[in-house]
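What follows is a set of notes on a single structure, which appears directly below.
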Amino acid sequence: MKRGGSYCCSGEWLSVRAACGWDEAALHAEAPSSEATDWRQILALYEVLGALSDNPMVTLNAAIALAMVAGPPAGLERLATLDRDARLAGHHRLAAVRAHLLELSGEQDAAAREYATAAEGTTSEPEKRYLTRRAERARSAARG
């Protein structure tokens, strides 16, 4: 069920999500950098959430964690499953995550296109500016 722009589920799922969200935030806070974050544990938390509910935002976050554990191509492969999910297909966050993973993969031209798509899809002006800057940075990196 979708309510107020977010995906809702049973009380049990929400309790587990709250616990996992707290654990994920704690894992990020404990790490001095993104590289030092325990991404395997974060991925495991998202896998538990994914087993409890078919939620595209969980899949999106799991794809990020998977990319950090197994490399950007693995995350991109997981993201591809969301292209067929009407609940998230075409959403600017999907394009933004794909852009970031493409950028990490060294595919700067493709990353620039996805960042631009994400920027066009958001209604938040600060987010639009940020994504536009990321697109410009990726275009610049592609030119060498």
Quiz item: Name the residues in segment 62-73 that are more than 17 Å from Ala36 (Cα to Cα) and more than 13 Å from the chain's Cα centre (by Cα), would you?
Solution: Pro73
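Would a scan of segment 60-69 turn up a residue that is on the phi > 0 side of the Ramachandran plot, of a type outside the set (A, V, I, L, M, F, W, C) and free of Cβ contacts under 8 Å to residues at least 24 places away in the same chain? Show your work before the answer.
Restricting attention to segment 60-69, the residues satisfying the condition of being on the phi > 0 side of the Ramachandran plot are none.
Within segment 60-69 (the criterion being on the phi > 0 side of the Ramachandran plot, of a type outside the set (A, V, I, L, M, F, W, C) and free of Cβ contacts under 8 Å to residues at least 24 places away in the same chain), the answer is no, since none of the residues qualifies.
Residue-wise test of (1) touching a helix residue (DSSP H, G or I) at 6+ places or on another chain (Cβ under 7 Å); (2) at pLDDT below 90.
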position	(1), (2)
Trp13	yes, yes
Ala25	no, yes
Pro32	no, yes
Asp38	yes, yes
Ala67	yes, no
Leu76	yes, no
Leu82	yes, no
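Among the listed residues Arg93, Arg113, Arg129, which satisfies the condition of being among the charged types (D, E, K, R), surrounded by fewer than 21 Cβ atoms within 10 Å (Cβ to Cβ) and farther than 19 Å from Ala67 by Cβ?
Values: Arg93 fails: farther than 19 Å from Ala67 by Cβ; Arg113 fails: farther than 19 Å from Ala67 by Cβ.
None of the other options fit; the residue is Arg129.
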Quiz prompt | segment 30-59 - residue that is part of a helix (DSSP H, G or I) and charged (D, E, K, R) and, of those, farthest from Leu102 (Cα to Cα) | solution = Glu30
Practice problem: Check Ser53 against each of (1) in contact (Cβ under 8 Å) with a residue 40 or more places away in the chain; (2) under 15 Å from the mean Cα position of the chain (by Cα) and name the one condition it does not meet. | Solution: (2)
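Being in contact with a helix residue (DSSP H, G or I) (Cβ under 6 Å, 6 or more places away or on another chain) and either surrounded by 15 or more Cβ atoms within 10 Å (Cβ to Cβ) or outside any helix (DSSP H, G or I) (or both) is the filter here; which residues of segment 98-110 pass it?
Quick first cut of segment 98-110, residues in contact with a helix residue (DSSP H, G or I) (Cβ under 6 Å, 6 or more places away or on another chain) only: 98-99, 101-105, 108-110.
Hits for segment 98-110 are Arg98, Ala99, Leu101, Leu102, Glu103, Leu104, Ser105, Gln108, Ala110.
Given the options Ala86, Ala62, name the one that is assigned to a loop (DSSP other than H, G, I, E, B) and over 28 Å from Ser140 (Cβ atoms). So that I can check it myself, show each step before the final result.
Working: Ala62 fails: assigned to a loop (DSSP other than H, G, I, E, B).
Answer to the selection: Ala86.
The values are calculated or read from the model by the stated rules, or taken from the named source; none is laboratory data. Because the structure is a prediction, the values reported are computed rather than measured. Heads up, the Cβs are rebuilt from the backbone with ideal geometry, glycines too, and the neighbour counts pull from every protein chain shown.
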